[in-house]
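Asker: Dropping the structure in here first, questions after.
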Amino acid sequence: MSNNIKIKVKNYGFYYGQIKILSDITMDIEQNKITAIIGPSGCGKSTFIRTFNRMNDLIASSKVTGEISIDGINIYKNNMDVVELRKKIGMVFQRPNPFPKTIYDNITYGPRLHARYSKQKLEHIVEDSLKKAALWDEVKNKLHTSALKLSGGQQQRLCIARVLAVDSEIILMDEPASSLDPISTQKIEDLIDELKENYTIIIVTHNMQQAARVSQKTAFLLTEKSDEPARLIEYDDTNKIFTNPGDKRTENYITGRFG
Amino acid sequence: MRKTFHEKLNEINEDVLAMGSLVQEAVHNSTEALLRRDTQLAEKIIKDDERVNEYDISIEEKCIVLQAEHQPVAVDLRFLHSVSIIIKHLERMGDLTVNIAKVVRRLSREEEKKHLDKDIIGLLVEMGNLVKLELARALEAFKNKDAKLASKLGKSDDAVDEIQKMIFRKLFTSQKGEKDIKFVTNIALASRYLERIGDQSVNIGERVLYFLTGDYSVFHDDM
């Protein structure tokens, strides 16, 4: 395996009960890069990224075929410690979902689940995570106030800080800026770009321009017929996808000719 | 009713073809005016160039607004970017026909009313026909999204370059005394302007090829 491949997806398929949602996806996700997943609504983008931290396991009738390896280890093998896996892979959702607790407690919640830390160590984690999430200067004087009092953009950065607090290596983002105003969106995009220095990021977005702005690689998923599963149509450098895609279906989608 | 993005793209496409048609007419008129020393036609070329310039500005503005409103990608982005450059080549062609018209103006002055050598007339006719053909092909390639035709333009331009060299040789070897200098220089300039109109068609062909294929190497290869 090449050193810069963080995640290897091989012949991956996903079922809800008898219904196959995703089929035969094979792709290598590079370390310290931002990979965007694009595709029409309902094509299984969110289902796909929830595969990487095994969040789909929570759906009783779901079934996975094929293989997903992170750092060379198949995450669907029987003895996989899912709690450890989810520590390694953080997730940020469409709408910010801070706990109804203080900013400080939001950040320390994860680390406390995984280990016992001194007060001094926890304070260090809070400051470090908030700095990495570009939120420290805005909240350093109100760490013990409710996170729910923050603006939407601040809450989303807090959610990112919460992921960073548990030493994640991979961050999954499911439309992280879709509920934010343009200024907050820009802050999140700037932050994502900075985070790629230390993290591998996979982002689902409906916003073509956002995918073009923030990512280095782009994967296009498409369900061609309503009774068929979605497939990976094209996976390439983002610049290539958005200036000269190799597949006509990708071009038709990103130029708004269907989807 | 609000026009869709793709309707606006089609409108720009039609505008480019209309602008191209005006330039085709100007190129045709400029060779005719030169060969016939037709000053009336030369004045018409100069006046009509205003319409070419108006198209240049209005199409450029439409491209900018459309990019700002829709942030196009892929083939649409390449199309708008290429159109922004193609119209500059067309506008430059219009300017070159004006330059030829001004040569016709100068040649109409009494002291420059000289007869052209038959061979040079023949070469100018041939060069004019080739240049008109190149422009027609460039516009046809744009209209029909024909990459094959666009890629042929560079090769046909070699013949234009060759004719221009022949005209230069004939002009400067046939020059008799100081009196001929202005006349010869004006004819040489006119042939040079025609040759540059041919170059602009090749440039349009390259842009059409890039818009159709997304391949930047077309700008580096000898076509």
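Read the figures in this text as sums done on the coordinates, not as results from a lab. Computed from a predicted structure; not experimentally measured. Reconstructed Cβ throughout: ideal geometry from the backbone, glycine too, with neighbour counts over all protein chains shown.
Asker: In whole Hz, what ³J(HN,Hα) sequence does the range B:168-173 give by Karplus (6.51, -1.76, 1.60; θ = phi - 60°), x for Gly and Pro?
Answerer: Rounded to whole hertz, the list is 4, 4, 4, 4, 6, 7.
Asker: HN-Hα J couplings of the range A:96-112 from phi, Karplus 6.51/-1.76/1.60, θ = phi - 60°, integer Hz, Gly and Pro as x?
Answerer: Each residue of the range A:96-112 in turn: x, 10, x, 5, x, 9, 6, 4, 4, 5, 4, 6, 7, 4, x, x, 5 Hz.
Asker: Further question: So what are the ³J(HN,Hα) numbers for the range A:137-150, from phi and the Karplus equation (6.51, -1.76, 1.60; θ = phi - 60°), rounded to whole Hz, Gly and Pro as x?
Answerer: Computed from phi, the couplings for the range A:137-150 are 4, 7, 10, 4, 9, 9, 5, 9, 9, 5, 5, 6, 7, 6 Hz.
Asker: List the aspartates and glutamates whose Cα lies under 15 Å from the Cα of residue B:44, skipping any in the same chain that are fewer than 8 positions away.
Answerer: The reachable aspartates and glutamates, counting only those whose Cα sits under 15 Å from residue B:44, are B:25, B:32, B:95.
Asker: With each run of n ≥ 4 DSSP H residues scored as -39500 (n - 2.57), what mean residue ellipticity at 222 nm is computed for chain A after dividing by its residue count and rounding to the nearest 500 deg cm²/dmol?
Answerer: Taking each H run of at least 4 residues, the total per residue is -9500 deg cm²/dmol.
Asker: Continuing with this model, one more query. I want to verify a result. In a Gaussian network model of chain A, Cα cutoff 10 Å, which of these has the top mean-square fluctuation: A:59, A:73, A:103?
Answerer: Highest fluctuation of the listed residues: A:59.
Asker: So what is the relative contact order for chain A, in percent, with contacts set as C-alpha pairs under 8 Å and at least six apart? Please report the intermediate quantities before stating the final value.
Answerer: Numbers: 478 pairs, mean separation 68.6, N = 259.
That works out to 27 percent.
Asker: Past the 25 Å Cα-Cα mark, which pairs from A:87/A:240; A:131/A:187; A:77/A:119; B:155/B:182? Present the calculation step by step, with values, prior to reporting the outcome.
Answerer: Numbers: A:87/A:240 33 Å; A:131/A:187 13 Å; A:77/A:119 37 Å; B:155/B:182 33 Å.
Correct reply: A:87/A:240; A:77/A:119; B:155/B:182.
Asker: A further question follows. Going through the range B:93-198, which GluC sites (Glu not before Pro) have at most 16 other Cβ atoms within 10 Å and a DSSP loop state? Could you put the intermediate results ahead of the total?
Answerer: On the way: sites: B:110, B:111, B:112, B:126, B:134, B:140, B:162, B:178, B:195; in loops: B:178.
Listed in order of number, the matching sites are B:178.
Asker: Which pairs break 22 Å Cα to Cα here: A:248/B:3; B:88/B:165; B:118/B:165?
Answerer: Working: A:248/B:3 25 Å; B:88/B:165 26 Å; B:118/B:165 16 Å.
In this structure, A:248/B:3; B:88/B:165 exceed 22 Å between Cα atoms.
Asker: Right, another one. Once you charge only the Cβ atoms, +1 for Lys and Arg and -1 for Asp and Glu, what is the size of the charge dipole of the protein assembly as shown about its Cα centre, to the nearest 20 debye?
Answerer: Working: 71 positive and 72 negative charges, 236 e Å.
In debye, rounded to 20, the protein assembly as shown gives about 1140.
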